[in-house]
Amino acid sequence: MAAVETSSTANLSAEYDYVVVGGGTSGLVIASRLTENKDVRVLVLEAGANRVGDPKISIQGLAAALYFDPDYDWCITTEPQVGLNDRRLAQPLGKTLGGSSAINLGMVIYPSRSGFDTWDKLGNPGWGWETMESYFRKFHTFSEPQSKLKKELMLDYLNAAQGTDGPIHISYGSEEGYPPFAQAWPRAWSALCKPIDGDPISGTATGAFNNAATIHPTTRERSHAGNTYFSDSTARRPNLRVVTEAFVEKILLSQRNDGINKLRATGVTFSTKNGQRRQVTATREVILAAGAVKSPQLLELSGIGNKSVLAKYKIDCLVDNSNIGENLQDHGFVPFSWEVADPMTSGDQMRNPSVVEAAIEAYQQAKAGPLSVNALASAFFPLQDQDLVPVSVDQLLSELGQTEVEPKALREQICTPGDCSAQFTLAPFQLNPFPGDSPSQIFGLGADGFYASIVAVLNHPFSRGSVHIQSADPRSSPIVDPRAMSNPLDLELHARHVLLLEKIRDTSPLRELFKEGGRRLHNDGQRVETLSQAKEAVKNGYTPHYHVCGTAAMLPRESGGVVDSKLRVYGVDGLRIVDASVFPLIPRGNIQSSVYAVAERAADIIKSGE
Ligand SMILES: Cc1cc2nc3c(=O)[nH]c(=O)nc-3n(C[C@H](O)[C@H](O)[C@H](O)COP(=O)(O)OP(=O)(O)OC[C@H]3O[C@@H](n4cnc5c(N)ncnc54)[C@H](O)[C@@H]3O)c2cc1C
């Protein structure tokens, strides 16, 4: 699918019913669902360009080449992280039509039932699993793999209902092209503890599995918000207008004069591709979908935020809410990479330009080869496994001299049998954050030789960071400070999961795929044996998983909220947020499925007039 022209502002109306800020993952879900009603007029303003059809986007295996390229990415680097030996972290975020769904790694992972039930318990009625479950099917269409692949990759767990008619295509890509690691992964986990005990889409399964990806089953192209929710036919709707390269600078707010003294969002100002400053009116609502870094930035630029933050930049504070920009959460992964057994190679062979050329040719000619699959595989692992991680939260807290950790509901959740404190992901190539934190180093295949990696992810961190403006200039990036590991419990938990990595690698049949006595890229080449080594590995190797969320949380205002359970911004009429900013707690695993599901539910809420 080639890009339709979207950057022109010719014949733009002065007003629309809804103005959606950000044509990314959530923004395009909202726009497409609202314009199913032909009487509703929607304008989407997206800062990035329309690059639908660009092979760097459509071939998912080339994604890492997009990171820190300003044509696709906002190129944000965090503050130095005290808990990570003062390292700054690279934080790629999609800047193109489709947003981060157009540049992500494509893994489709589902959250836990208990995670969404905790959202509900925190004061968000209607956001528990019972309501959300159907939205995890609504956004996608799943294509069953053939029986040969099912057997090879142990996909028999795929026995729950999947999506049948949603816009996003989810599949296993080509039947050929999976590396031997994909077969070994679930078998090694079965030997180590147990096989997976259900289908992850059910919200309760734990164990290892080969996950599907956002790959179209026949074209093998990346399926993302920009080429599905904004398909050719949706783009032709007369009631939908998408303008790309339109940078929104401010939300327009006016005071109501009916004695209630409440603010109302009436539109936005934005600058066009040609640098023209424009203004557009939203007669019903402005809907923020600029992502978890840029949505809170826009609130602050518009006078909605912590009074003392705004005062520093001489911005009049119209709604004083110190929760804005707080509660930032992300997952971090700690990668270990080991040399593979001779004469095998790994994804590291892609450092050779002629191999890349051959892979692209196989993809383009036959929709086959390594670029036609997504060979990342996952495992969910509970904290309760006393054989493999003999520790309890109570014991850790008492060692830390604490009796409680906030939020209490999260503590209860991770101690619930069946919940998962960790995710492990297998990547059949090297991941190397040790020379430096830029994506070009981490994904740069810079070390000689052929490696494969397993990463440990803390599913439910307790640390909270922030994002705040550092200038009144909308073009200036906000300060992103995840404060990773600032809660000491996170380091204790993450390190214990990291300690499992060498054990997983040593379990047959994975073990046979690695070179006996081969090189390691982590821990200065030494095996990690002790808890203190594992803690150092976290501090030196923690890399953001690019799941930033929570910065305009859906919570009661007195509990840290920015939006209510209908996603309306406190203190302002006609203003909603629908992107990853509203997540009160980060779900387990990779979060795009939750972003799509939340946006689908948001569309239903808006349509119902709530
Ligand atoms: C590199 C990377 C890899 C990832 N890998 C995975 C994965 O494998 N699996 C998974 O499940 N999840 C993954 N994720 C996470 C997932 O893709 C994101 O959480 C999700 O797409 C975020 O959706 P969103 O709608 O909140 O924001 P986005 O999709 O980022 O959309 C925000 C949009 O708003 C636009 N915008 C911002 N500011 C303005 C402005 N001022 N004016 C106009 N437009 C603006 C942006 O350009 C962008 O298009 C990854 C994310 C990244 C960045």
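The values are calculated or read from the model by the stated rules, or taken from the named source; none is laboratory data. Treat the numbers as computed from the prediction; the structure is a model and nothing was measured. Neighbour counts run over all protein chains shown; Cβ positions are idealised from the backbone, glycine included. Side chains are part of the model used for accessible areas, which takes the heavy atoms of the whole protein and leaves out ligands, DNA and RNA. Shrake-Rupley method; radii C 1.70, N 1.55, O 1.52, S 1.80 Å.
Could you give the dipole magnitude of the chain about its Cα centre, charging the beta-carbon of Lys and Arg +1 and that of Asp and Glu -1, in debye to the nearest 20?
1180
With angles folded into 0 to 90 degrees, how steeply does helix 353-366 sit against the dominant principal axis of the chain? Use alpha carbons for both and round to 10.
With rounding to tens, the tilt is 70 degrees.
Using modelled backbone amide H atoms (1.01 Å from N, in-plane), which distant-in-sequence or interchain residues come within less than 5 Å of E221's amide H?
Distant-sequence amide H within range of E221: H216.
Simple spin-label model, 7 Å along Cα-to-Cβ: Q255 to L12 in nm?
2.9
Please report, as a whole percent, how much of the solvent-accessible surface of the range 206-298 comes from carbon and sulfur atoms (probe radius 1.4 Å).
Accessible surface attributable to carbon and sulfur in the range 206-298 totals 42 percent.
Taking the Cα atoms only, what angle lies between the long axis of helix 291-301 and the longest principal axis of the chain, rounded to 10 degrees?
Here the helix axis deviates by roughly 30 degrees.
Heavy-atom accessible area per residue, the chain, 1.4 Å probe: how many Å²?
Here the per-residue accessible area is 36 Å².
Take the Cβ-Cβ distance between I605 and L531 as r, set R0 to 60 Å, and report the resulting FRET efficiency rounded to the nearest 0.05.
The value I calculate is 0.85.
Can you tell me how the range 24-141 classifies by the Cα gyration tensor, rounded, prolate or oblate, using a/c under 1.5 as the rounded cut?
Here the range 24-141 falls in the oblate category.
Below 17 Å, Cα to Cα, which aspartates and glutamates can K262 reach? Residues fewer than 8 away in the same chain don't count.
E285, D316, D320, D564, D573
Could you work out how far the C-alpha centroid of the range 1-58 sits from that of the range 195-254, in angstrom?
Using only Cα atoms, the two centres lie 14 Å from each other.
Where q = 0.15, 0.19, 0.24 Å⁻¹, what log10 of I(q)/I(0) comes from the Debye formula for the range 253-331, counting one point per Cα?
Evaluating at q = 0.15, 0.19, 0.24 Å⁻¹ gives log10 I(q)/I(0) of -0.65, -0.99, -1.27.
I'd like the distance separating the alpha-carbon centroids of the range 75-144 and the range 507-541, in whole Å.
28
Any chance you could run the full-extension gain for Q402 through E79? It's 0.36 nm times the residue separation minus the Cα-Cα distance, nm to one decimal.
Extra length from Q402 to E79 when fully extended: 113.5 nm.
L97's amide H: which non-local residues (gap 5+, or another chain) put their own amide H closer than 5 Å, with H modeled 1.01 Å from N in plane and none for Pro or chain starts?
So L97 has HN proximity to A49, N50, R51.
Return the distance in nm (one decimal) between the two label points of a simple spin-label model at D564 and A472, each offset 7 Å from Cα along Cα→Cβ.
3.2
Note down the net charge around S134, summing +1 for each Lys or Arg and -1 for each Asp or Glu among other residues with Cβ under 11 Å from its Cβ.
Spelling it out: positives minus negatives among the neighbours equals -1.
With angles folded into 0 to 90 degrees, how steeply does helix 592-607 sit against the dominant principal axis of the chain? Use alpha carbons for both and round to 10.
30
Among the listed pairs K56/K314; K408/K539; K148/K194; K138/K294; K95/K566; K95/K535, give every one whose C-alpha distance is greater than 30 Å. Intermediate values should be presented prior to the final figure.
Details: K56/K314 41 Å; K408/K539 26 Å; K148/K194 23 Å; K138/K294 27 Å; K95/K566 27 Å; K95/K535 34 Å.
Violating the 30 Å Cα-Cα cut-off are K56/K314; K95/K535.
Starting from the Cα gyration tensor of the range 307-352, multiply each eigenvalue by 5, take the square root, and state the resulting semi-axes largest first in whole Å.
Sorted largest first and rounded, they come to 52, 13, 7 Å.
Given 20 Å bins starting at zero, what is the percent of C-alpha pairs of the chain in each, up to the one with the largest pair distance?
21, 57, 21, 1
Can you figure out the FRET efficiency of D232 with R351, using R₀ = 41 Å and their beta-carbon distance, to the nearest 0.05?
0.65
Estimate the FRET efficiency between Q364 and E152 by the formula 1/(1 + (r/R0)^6), using the beta-carbon distance for r and 35 Å for R0, to the nearest 0.05.
0.90
Kindly give the semi-axes, whole Å and largest first, of the ellipsoid equivalent to the range 179-233, taking each as the square root of 5 times a Cα gyration tensor eigenvalue.
After scaling each eigenvalue by five and taking roots: 31, 15, 6 Å.
Keeping all protein chains in position, work out how much accessible area K566 exposes to a 1.4 Å probe, and write it in Å² to the nearest 10.
For K566, the solvent-accessible surface is approximately 50 Å².
With the cut-off at 1.5 for a/c, could you classify the range 397-549 from its C-alpha gyration tensor as rounded, prolate or oblate?
Since a/c reaches 1.5 but b/c is at least a/b, the shape of the range 397-549 is classed as oblate.
Using a 1.4 Å probe and counting only protein heavy atoms, arrange F434, F181 so the residue with the most accessible area comes first.
Heavy-atom accessible area, descending, gives F434, F181.
Where does each of D165, D330 land when they are ordered by accessible area, with a 1.4 Å probe and the largest first?
Heavy-atom accessible area, descending, gives D165, D330.
Using just the alpha carbons, could you tell me how many Å³ per residue the convex hull of the range 66-129 encloses? Before the final figure, lay out each step's value.
Numbers: hull volume 10.0 nm³, N = 64.
Dividing the Cα hull volume of the range 66-129 by its residues yields 156 Å³.
Of the heavy-atom accessible surface of the range 407-494 (probe 1.4 angstrom), what whole percent is carbon and sulfur?
54
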